[in-house]
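Peer 1: One structure, pasted below without further comment.
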Amino acid sequence: MKPTSGPEEARRPASDIRVFASNCSMHGLGHVFGPGSLSLRRGMWAAAVVLSVATFLYQVAERVRYYREFHHQTALDERESHRLVFPAVTLCNINPLRRSRLTPNDLHWAGSALLGLDPAEHPAFLRALGRPPAPPGFMPSPTFDMAQLYARAGHSLDDMLLDCRFRGEPCGPENFTTIFTRMGKCYTFNSGADGAELLTTTRGGMGNGLDIMLDVQQEEYLPVWRDNEETPFEVGIRVQIHSQEEPPIIDQLGLGVSPGYQTFVSCQQQQLSFLPPPWGDCSSASLNPNYEPEPSDPLSSPSPSLPYTLMGCRLACETRYVARKCGCRMMYMPGDAPVCSPQQYKNCAHPAIDAMLRKDSCACPNPCASTRYAKELSMVRIPSRAAARFLARKLNRSEAYIAENVLALDIFFEALNYETVEQKKAYEMSELLGDIGGQMGLFIGASLLTILEILDYLCEVFRDKVLGYFWNRRHSQRHSSTSLTSHPSLCCHQDSLRLPPHLLPCHTALGLLSVSSEPHPDILDMPSLHVAFPSSPQIKS
């Protein structure tokens, strides 16, 4: 209960601690600074207030420390949808170059870089390909382009694609986009390139996605001449299922699909959302693949034109690394640098990329928002004995050829639900303020308005004690100077004694003094003093 304000308290200024304590909404101050002398009760109240304030400040410091640790939590949810965008599907034949398209000029320029061939081995390799050796007087071309080699000698989708259907409707090579990867010439279905409309699906299960039948063309595979890191021993295709924003890294993330089997790939879409620093480590700044020697950090130059993805960051990082080391780029890398020559491929680009992958020197954080696809695979053999003859007639191939070269691939959504993985802040600013408010009310019985009361009291103290001190000092100096210069008796003393006014005593009795005009004016006799101070008890007549 607040004490009532008496006449004495009403005369006190607002900066007085007793006035503030009697009107403040903070509990306990009125008992500590109330009227009366020091007592045991007042000391106990003071100890309780100090202990409560200390506990409150400790709890606030702990909450602020926890907030500044920037904790996060991950929420997993499953949501329903009536329509989902079908993912991009990239296909690559494991064999990068067709034997029927290689020429003596290709072997002259790229034989040692791609196949590990010495010049003396070129005639024997051409005979292994079933091609005649280079004619006498053969002159290689003055220049050579690796990208043109892969575009010309890579497997053609028109020859590989035997059948294509999406959601039961026919599709064809026109629905695929040519793309170059480290495996050579590849093709992407539903890429969305050049503003093409993305395909969607409204149902899950087999028959509601992409169904294709491919011929891997084993007769076009290059003979294995020598074992090296680039020599493929497999047969089939590589498949990568990814979002349209993400470039395919099919040599590392692709699934293997073998001829003689029908492979079923059941997908489920996952949408990932991560927090940026300081709560997480995600990034949304894309990378520029073009190498520029001027920037201090050539592997992390932002480019606003490309959305940030994890695979895109790695590809841009590799591109800039190769461009810095070799002065060129590999044919599947983006950017404006020239394509490496076969000699640069062999001596610089391939060793640089392999060393970079082993060291994992590209620091690419997770994107703040991304889409990925969980996959489940199953397969059955094709063709069955009952269907072998039918497929042989339909495809105009032998049964043995179909068993060794033909594969079927069925990609579909398991269901039209998708998972969301989202990072959230574990401790928001609103929760911090709520905890501080709760601790404030629990320990000291205060609120936000109490803080305003304290600030208002500090302003009153500053105005009365600090500003008031300087104002009173200036006012007293000005008043003293005005009084001394305007008093008539002091003017007389100034004229007769030839003293400045500020050296004369300030007393009313000075007006009774009469100053003689004798030659010795600065000596006062006792009678004069007796006349000047008639009522003084120390001086007797």
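The values are calculated or read from the model by the stated rules, or taken from the named source; none is laboratory data. Worth saying up front: this structure is predicted, and the values here are computed from it rather than measured. Here Cβ is always computed from backbone atoms with ideal geometry, including for glycine, and neighbour counts include all displayed protein chains. SASA here: full protein model, heavy atoms, side chains in, ligands and nucleic acids out. Shrake-Rupley method; radii C 1.70, N 1.55, O 1.52, S 1.80 Å.
Peer 1: If the Cβ limit is 8 Å and pairs must be 6+ apart or interchain, which residue in segment 230-258 that is in a strand (DSSP E or B) pairs with which residue that is open to solvent by 40 Å² or more (accessible area, probe 1.4 Å) and of a type in the set (Asp, Glu)?
Peer 2: Close Cβ pairs satisfying both conditions: 238/251; 256/234.
Peer 1: Further question: Where residues in segment 139-166 are touching a strand residue (DSSP E or B) at 6+ places or on another chain (Cβ under 6 Å) and of a type outside the set (A, V, I, L, M), which of them is nearest to residue 413 (Cα to Cα)?
Peer 2: 166
Peer 1: What are the pairs, 6+ residues apart or on separate chains, where a residue within segment 165-184 that is outside the structural domain of residue 253 (by the TED database) and open to solvent by 80 Å² or more (accessible area, probe 1.4 Å) has its Cβ under 7 Å from a residue that is of a type in the set (Gly, Ala, Ser) and part of a helix (DSSP H, G or I)?
Peer 2: From segment 165-184, no pairs qualify.
Peer 1: Right, residue 249: touching a Cys at 6+ places or on another chain (Cβ under 8 Å), of a type outside the set (Phe, Trp, Tyr) and open to solvent by less than 40 Å² (accessible area, probe 1.4 Å) or not?
Peer 2: The answer is no for residue 249.
Peer 1: Residues of segment 355-388 being farther than 21 Å from residue 84 by Cβ, open to solvent by 90 Å² or more (accessible area, probe 1.4 Å) and assigned to a strand (DSSP E or B), which ones?
Peer 2: 379, 381, listed by residue number.
Peer 1: Mind checking whether some residue in segment 390-400 is of a type in the set (Phe, Trp, Tyr), open to solvent by less than 60 Å² (accessible area, probe 1.4 Å) and in the same structural domain as residue 167 (by the TED database)?
Peer 2: Within segment 390-400 (the criterion being of a type in the set (Phe, Trp, Tyr), open to solvent by less than 60 Å² (accessible area, probe 1.4 Å) and in the same structural domain as residue 167 (by the TED database)), the answer is no, since none of the residues qualifies.
Peer 1: Also, I was wondering about something else. Between a residue in segment 413-436 that is open to solvent by 30 Å² or more (accessible area, probe 1.4 Å) and any residue that is assigned to a strand (DSSP E or B) and acidic (Asp, Glu), which pairs come within a Cβ distance under 9 Å, given they are 6 or more apart or on different chains?
Peer 2: Correct list of pairs: 414/376; 415/80; 418/78; 418/80; 419/77; 419/78; 421/77; 422/77.
Peer 1: Residue check, residue 320 against (1) under 32 Å from the mean Cα position of the chain (by Cα); (2) of a type outside the set (Val, Ile, Thr); (3) open to solvent by less than 30 Å² (accessible area, probe 1.4 Å); (4) assigned by the TED database to the domain that holds residue 422, all met but one. Which one?
Peer 2: Going through (1) under 32 Å from the mean Cα position of the chain (by Cα); (2) of a type outside the set (Val, Ile, Thr); (3) open to solvent by less than 30 Å² (accessible area, probe 1.4 Å); (4) assigned by the TED database to the domain that holds residue 422 one by one, residue 320 breaks only (4).
Peer 1: If you take the residues of segment 63-101 that are open to solvent by less than 60 Å² (accessible area, probe 1.4 Å) and more than 30 Å from residue 157 (Cα to Cα), which of them is farthest from the chain's Cα centre (by Cα)?
Peer 2: Within segment 63-101, the match that is farthest from the chain's Cα centre (by Cα) is 81.
Peer 1: Restricting to segment 79-105, name every residue that is in contact with a Pro (Cβ under 7 Å, 6 or more places away or on another chain) and either in a loop (DSSP other than H, G, I, E, B) or not hydroxyl-bearing (Ser, Thr, Tyr) (or both).
Peer 2: Answer for segment 79-105, where residues must be in contact with a Pro (Cβ under 7 Å, 6 or more places away or on another chain) and either in a loop (DSSP other than H, G, I, E, B) or not hydroxyl-bearing (Ser, Thr, Tyr) (or both): 94, 95, 105.
Peer 1: Also, I was wondering about something else. Six or more apart or on different chains, Cβ under 9 Å: which pairs go from a residue in segment 46-72 that's without any contact (Cβ under 8 Å) to a residue 24 or more places away in the chain and under 19 Å from residue 431 (Cα atoms) to one that's part of a helix (DSSP H, G or I) and of a type in the set (Phe, Trp, Tyr)? Could you list them?
Peer 2: Cβ pairs passing all conditions: none.
Peer 1: Further question on the same structure: Does segment 403-412 contain at least one residue that is open to solvent by less than 70 Å² (accessible area, probe 1.4 Å), among the small types (Gly, Ala, Ser) and either more than 41 Å from the chain's Cα centre (by Cα) or modelled with pLDDT of 90 or more (or both)?
Peer 2: Yes, segment 403-412 has at least one match.
Peer 1: Sticking with this one: With respect to residue 151, determine if the residue is open to solvent by less than 20 Å² (accessible area, probe 1.4 Å) and either in the same structural domain as residue 242 (by the TED database) or closer than 30 Å to residue 354 by Cβ (or both).
Peer 2: Answer is no for this residue.
Peer 1: Moving on. Return the total of residues in segment 325-354 being open to solvent by less than 30 Å² (accessible area, probe 1.4 Å), among the hydrophobic types (A, V, I, L, M, F, W, C) and not in a loop (DSSP other than H, G, I, E, B).
Peer 2: Total meeting the criteria: 4.
Peer 1: Hey, residue 468 hits all of (1) over 26 Å from residue 66 (Cβ atoms); (2) open to solvent by 50 Å² or more (accessible area, probe 1.4 Å) but one; which does it fall short on?
Peer 2: Single failed check for residue 468: (2).
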